[in-house]
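Below is one structure, written out as structure tokens; the observations come after it.
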Amino acid sequence: MGSYEAVTEKPATATKWVVTCMVGGVIVGVSLLGAYSSQLGMFWKSRRRNKKPVRVYMDGCFDMMHYGHCNALRQARALGDQLIVGVVSDAEIIANKGPPVTPLHERLMMVNAVKWVDEVIPEAPYAITEEFMKKLFDEYKIDFIIHGDDPCVLPDGTDAYAHAKKAGRYKQIKRTEGVSSTDIVGRMLLCVRERSISDSHNHSSLQRQFSNGHSPKFEAGSPAATASGTRISHFLPTSRRIVQFSNGRGPGPDSRIVYIDGAFDLFHAGHVEILRLARDLGDFLLVGIHTDQTVSATRGSHRPIMNLHERSLSVLACRYVDEVIIGAPWEVSKDMITTFNISLVVHGTVAENNDFEKEQCNPYAVPISMGIFKVLESPLDITTTTIIKRIVSNHEAYQKRNEKKGESEKRYYEGKGHVSGD
């Protein structure tokens, strides 16, 4: 029996030895694999760190900046890691298109405020010359030059981006249909004309028809039909477009939420600056955008120029804005403050209607009574009326500009049709 036990113990000892070796081998193998994986991870991180970011360049006048401009910048940014934007000088715009509505310093504010923009080059040339293209490649380290699929033709009939295309450094994005600066200027000119007509005739607002996409009844060849070179708005809001413009994140549990509301019609530098100040007062800026009906009731039947969803996209594109309420109520109620956990309600000193404190139904009565209302000193004395007055005071020049631009746009739309930009 003893010899049998001795014999049977040998295989058991051998088995233990084999198992020990195998376990040890697995542990060593896992350790080596872990070390290898760690080194491999560090290698790829280093590669990513050392990898040169793709820098893309897009230029434009960005006059009467609207959601179409913002969507173009969003698309351009998606083609690279950093977006550098050239803003054309006033002199270049006058030479190539006609007088701009907004001066360079305001246009720079607008472009800098777009959340997809990383850097801005002021006073960029209207055309990409060989000399400027070399500067872009060498000094600004630009990899690609971006433009929309609409034609950009110089007064001599040549393509403004011919040199970039020849160099193989040109990329194209889709134009956002349904809006253009030319169209907006035309809407305003028609609104002013319609307002003067409505003073003596009980006509429905021509602008309302434009804003809502209904075709106004013009006799063929009438001045209203042709002078401005404008088209009716074909903008159709989609949930996908709103998602593309949204930040996609909400406030944190302890965030200080600041609320500001308004029409934000013809989104301009004055809007941008008051939103910047409002955002500095908290961690999350919530912006309420009034309905078309509310704006018409408080500012006249000729307003707004841009409809609710057009205005919402322009505000959403601003880097200082975290979230918007599309169709916000006129009055800020207790329920609204509780629902959105609002810590502070603000209002600027420069606005179309600043008589709210004298009104019987003060829209800010509740936040005032709660001690959470603050009036902010507006940095710029600009309103939507300011923009409209600029056009009216020089309407002949803008009509000529629209006629000139309208012809090229007409050819573009006839050739391309209405295709929504991605």
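The values are calculated or read from the model by the stated rules, or taken from the named source; none is laboratory data. Source: prediction; values computed, not measured. Neighbour counts are summed over all protein chains in view; Cβ atoms, including those assigned to glycine, are modelled from backbone coordinates with ideal geometry. Just so you know, the surface numbers come from the protein's heavy atoms only, side chains and all, with ligands and any DNA or RNA stripped out. Shrake-Rupley method; radii C 1.70, N 1.55, O 1.52, S 1.80 Å.
Return the residues of segment 361-374 that are open to solvent by 70 Å² or more (accessible area, probe 1.4 Å) and either modelled with pLDDT of 95 or more or touching a strand residue (DSSP E or B) at 6+ places or on another chain (Cβ under 7 Å) (or both); say none if nothing qualifies. Steps first, please.
Taking segment 361-374 first, the residues open to solvent by 70 Å² or more (accessible area, probe 1.4 Å) are 361, 368-370, 374.
Selection gives ILE368, SER369, MET370, LYS374.
Look at ALA328 and say whether it is farther than 22 Å from GLY252 by Cβ, modelled with pLDDT of 95 or more and in contact with an Asp or Glu (Cβ under 6 Å, 6 or more places away or on another chain). Reasoning before the result, please.
Working: farther than 22 Å from GLY252 by Cβ: yes; modelled with pLDDT of 95 or more: yes; in contact with an Asp or Glu (Cβ under 6 Å, 6 or more places away or on another chain): yes.
Yes: the conditions hold for ALA328.
How many of the residues in segment 320-350 are open to solvent by 30 Å² or more (accessible area, probe 1.4 Å), in contact (Cβ under 8 Å) with a residue 40 or more places away in the chain and more than 15 Å from PHE264 (Cβ to Cβ)?
Going through segment 320-350 one residue at a time, the tally reaches 4.
Evaluate segment 81-97: report whether one residue or more is modelled with pLDDT under 95, more than 10 Å from the chain's Cα centre (by Cα) and not in a helix (DSSP H, G or I).
yes
Which is surrounded by 13 or more Cβ atoms within 10 Å (Cβ to Cβ), more than 25 Å from the chain's Cα centre (by Cα) and modelled with pLDDT under 95, of HIS395, HIS309? Quick ask: steps written out before the conclusion?
Working: HIS309 fails: more than 25 Å from the chain's Cα centre (by Cα).
From the options HIS395, HIS309, the qualifying one is HIS395.
Considering only residues of segment 310-325 that are aliphatic (A, V, I, L, M) and outside any helix (DSSP H, G or I), which is farthest from ASN341 (Cα to Cα)? First the steps, then the outcome.
To start, the set of residues in segment 310-325 that are aliphatic (A, V, I, L, M) comprises 313, 315-317, 321, 324-325.
Those still in the list that are outside any helix (DSSP H, G or I) too: 317, 321, 324-325.
Working: ALA317: 23, VAL321: 16, VAL324: 14, ILE325: 14 Å.
Ranking the candidates gives ALA317 first.
Of everything in segment 106-136, what is out of contact with any helix residue (DSSP H, G or I) (no Cβ under 8 Å at 6 or more places or on another chain), open to solvent by 40 Å² or more (accessible area, probe 1.4 Å) and assigned to a helix (DSSP H, G or I)? Give them in sequence order.
ASN112, GLU131, LYS134, LYS135
Is it the case, given these coordinates, that GLU273 is outside the structural domain of GLY68 (by the TED database) and at pLDDT 95 or above?
Details: outside the structural domain of GLY68 (by the TED database): yes; at pLDDT 95 or above: yes.
So GLU273 passes the test.
So, of the residues in segment 47-72 that are modelled with pLDDT under 90 and part of a loop (DSSP other than H, G, I, E, B), which turns out to be nearest to the chain's Cα centre (by Cα)?
Across segment 47-72, the extreme among qualifying residues is MET64.
Out of THR176, THR102, I need the residue that is in contact with a Ser or Thr (Cβ under 8 Å, 6 or more places away or on another chain) and open to solvent by less than 20 Å² (accessible area, probe 1.4 Å). Which one? Give the derivation first.
Numbers: THR102 fails: in contact with a Ser or Thr (Cβ under 8 Å, 6 or more places away or on another chain).
Matching residue, one of THR176, THR102: THR176.
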